[in-house]
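Chemist: Mind looking over this structure? Questions follow.
The values are calculated or read from the model by the stated rules, or taken from the named source; none is laboratory data. Treat the numbers as computed from the prediction; the structure is a model and nothing was measured. A quick note on method: Cβ atoms are made from the backbone with ideal geometry, for glycine too, and the neighbour counts reach across all protein chains shown.
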There are 2 protein chains.
Amino acid sequence: MGTRIALVDDDQNILTSVSLTLENEGFEVDCYHDGETALRGLGRRPVELAVLDIKMPRMDGMELLQKIRGDSSLPVIFLTSKDDELDEALGLGMGADDYITKPFSQRLLIARIRAVLRRASQGEMDMSAPNIVRQGELLMDPDRHLCSWKGEEVKLTVTEFLILQALALRPGMVKNRDQLMDAAYGESVFLDDRTIDSHIKRLRRKIRVQDSTFDNIETLYGIGYKYRA
Amino acid sequence: MGTRIALVDDDQNILTSVSLTLENEGFEVDCYHDGETALRGLGRRPVELAVLDIKMPRMDGMELLQKIRGDSSLPVIFLTSKDDELDEALGLGMGADDYITKPFSQRLLIARIRAVLRRASQGEMDMSAPNIVRQGELLMDPDRHLCSWKGEEVKLTVTEFLILQALALRPGMVKNRDQLMDAAYGESVFLDDRTIDSHIKRLRRKIRVQDSTFDNIETLYGIGYKYRA
DNA sequence: CCGCCCTGCCGCAATGCCGCCGCAATGCTG
DNA sequence: CAGCATTGCGGCGGCATTGCGGCAGGGCGG
């Protein structure tokens, strides 16, 4: 008996082709054409994961996600048609576990599904970087090296990305410079402490270009930095 | 026979994954989906520690904590979804021994559990820095370098934090200036005694900005200071 | 090979923190 | 009550830490 997945899309082509692939992979698929029917169907037949199109008639993916998340932590993967939809989905701070932009390869979808399922089943045991970090208006997707603040993309370098990720992953937790250094370069790398300051400087500056009120990277005098949600 | 732990969360995913991990670590786990059943279950099967989700149907974690604490000193660790919930939990002066914000790594949870258990078993003997100090309206969290009085944050410097922590950790106990000096700087540091007075002065002033009636740092003429609960 | 970007570090200025001083207030002792 | 010790408190100067602009070396792609 395979894992049960809900597939919601108003495009019949997608519905049939994707469901076929998923069934070939051993999943059981419940197909729905719109959010409303999906919501009703999910009440009757619980699934372990949902794949939702964002743009749908009657009830779109985001609304559906909210309803779903109202009373469960069902893993959800979004399908998005354009990049701005993607930003929208992320920018609104929706709680999707992952998303895929159309057009996508079936193989990619399978991989993402398995990844999300694995994370869900192992709970937080999975120490590998979660695919998406979401803290308030900040969104980070390591897989795509994508970072957005209030829905707008912020272009970060690798080092900046890793440092911000380390901070945002545990908002409120103080990180000293060594810990941030470890996050950015791995352990056993020695650099001047002040280097972290430089990266923090650039991080703040880049985000402030879009939102001059950004002040979520907090300095703790004599200790380090922390991310405030 | 491992230590028995109660795990209460309405999210089945968390429940299964966390209980698995804990069992792997040699704990025995009692799972409950909501506060009410948990409370009944705890009456029948006492545990040595409880891990509670804050948001739950029927009876949430805070209500449950109050009931639990009504007739025992069972150590409790909170799971919180958002930071505002966290603040809520702390601000309300709930008596949790620790809390973890989701998402969290299982490893972190294990570590916290062990720390809380160690502290609980060794009582006041445990000199290792506890994760959370809570004395009446005062709350201190070294990991987050967070200090709050009556739910409002008080920004302290490292030295101030350490001194207040040393006092609040053992309310009622007199600490002379040498002891406070050790707590703040480690041993083998010599400074003028009056320096401690300055820090006490600044501590009192900072807290009094928010609450002019604050007088819990008591002076013992010719001896030192103590924290009054 | 050239040019761009990333990055680590430096120097300066601004800020924060801290130890101590001096004086006034308070407590203790005889 | 007198006298001494101790503490509260404002303040100050020095030191440490941090923000920020900038720069030079290195990597990488064109």
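Chemist: I need the strands (runs of 3 or more DSSP E) fully contained in segment A:1-82, keeping only those with at least 2 residues that are more than 20 Å from the chain's Cα centre (by Cα) and within 25 Å of B:Asn13 (Cα to Cα). Can you show your working first?
Modeler: Details: elements: A:4-8, A:28-32, A:49-53, A:76-80.
Correct list: A:28-32.
Chemist: What residue, of A:Leu220, A:Leu191, is near DNA strand C (Cβ under 10 Å from one of its atoms) and free of Cβ contacts under 8 Å to residues at least 12 places away in the same chain? It would help to see each step written out before you state the result.
Modeler: Values: A:Leu220 fails: free of Cβ contacts under 8 Å to residues at least 12 places away in the same chain.
Only one candidate passes the filter, namely A:Leu191.
Chemist: Taking the residues in segment A:134-150 that are farther than 18 Å from A:Arg228 by Cα and buried (at least 17 other Cβ atoms within 10 Å of the Cβ) as candidates, determine which candidate is farthest from DNA strand C (Cβ to nearest atom).
Modeler: The first filter runs over segment A:134-150 and keeps only residues farther than 18 Å from A:Arg228 by Cα, leaving A:141-146.
Filter once more, keeping what is buried (at least 17 other Cβ atoms within 10 Å of the Cβ): A:141, A:146.
Working: A:Asp141: 17, A:Leu146: 14 Å.
Taking the candidates together, the pick is A:Asp141.
Chemist: Report yes if A:Tyr221 is closer than 27 Å to B:Leu146 by Cα, within 13 Å of chain B (Cβ to nearest Cβ) and either exposed (fewer than 15 other Cβ atoms within 10 Å of the Cβ) or at pLDDT below 95 (or both), otherwise no. Give the steps one after another, and end with the answer.
Modeler: Values: closer than 27 Å to B:Leu146 by Cα: yes; within 13 Å of chain B (Cβ to nearest Cβ): yes; either exposed (fewer than 15 other Cβ atoms within 10 Å of the Cβ) or at pLDDT below 95 (or both): yes.
Here the answer is yes, as A:Tyr221 does meet what is asked.
Chemist: Within segment A:192-202, does at least one residue satisfy the condition of being outside any helix (DSSP H, G or I), within 14 Å of chain B (Cβ to nearest Cβ) and out of contact with any helix residue (DSSP H, G or I) (no Cβ under 8 Å at 6 or more places or on another chain)? Steps first, please.
Modeler: Taking segment A:192-202 as the starting set, the residues that turn out to be outside any helix (DSSP H, G or I) are A:192.
Among the residues that remain, those that are also within 14 Å of chain B (Cβ to nearest Cβ) are: none.
No, segment A:192-202 contains no residue that is outside any helix (DSSP H, G or I), within 14 Å of chain B (Cβ to nearest Cβ) and out of contact with any helix residue (DSSP H, G or I) (no Cβ under 8 Å at 6 or more places or on another chain).
Chemist: Same structure, new question: Quick one: count up the residues across segment B:182-191 that are within 13 Å of DNA strand D (Cβ to nearest atom) and either closer than 16 Å to B:Thr157 by Cα or within 14 Å of chain A (Cβ to nearest Cβ) (or both).
Modeler: Narrowing segment B:182-191 to residues within 13 Å of DNA strand D (Cβ to nearest atom): B:185, B:191.
Retained after the next criterion (residues that are either closer than 16 Å to B:Thr157 by Cα or within 14 Å of chain A (Cβ to nearest Cβ) (or both)): B:185.
Matching residues across segment B:182-191 total 1.
Chemist: Take segment B:173-189 and flag every residue that is modelled with pLDDT of 95 or more and part of a loop (DSSP other than H, G, I, E, B).
Modeler: Residues satisfying the conditions are B:Met173, B:Val174.
Chemist: Tell me which residues, restricted to segment B:2-39, are surrounded by fewer than 20 Cβ atoms within 10 Å (Cβ to Cβ), more than 11 Å from every other protein chain (Cβ to nearest Cβ) and over 21 Å from B:Asp60 (Cβ atoms).
Modeler: Result: B:Gly2, B:Thr3, B:Arg4, B:Glu23, B:Glu25, B:Gly26, B:Glu28.
Chemist: Among the residues of segment B:151-173 satisfying the criterion of being within 13 Å of DNA strand C (Cβ to nearest atom) and over 17 Å from B:Phe214 (Cα atoms), which is surrounded by the fewest Cβ atoms within 10 Å (Cβ to Cβ)?
Modeler: The extreme case among them is B:Val158.
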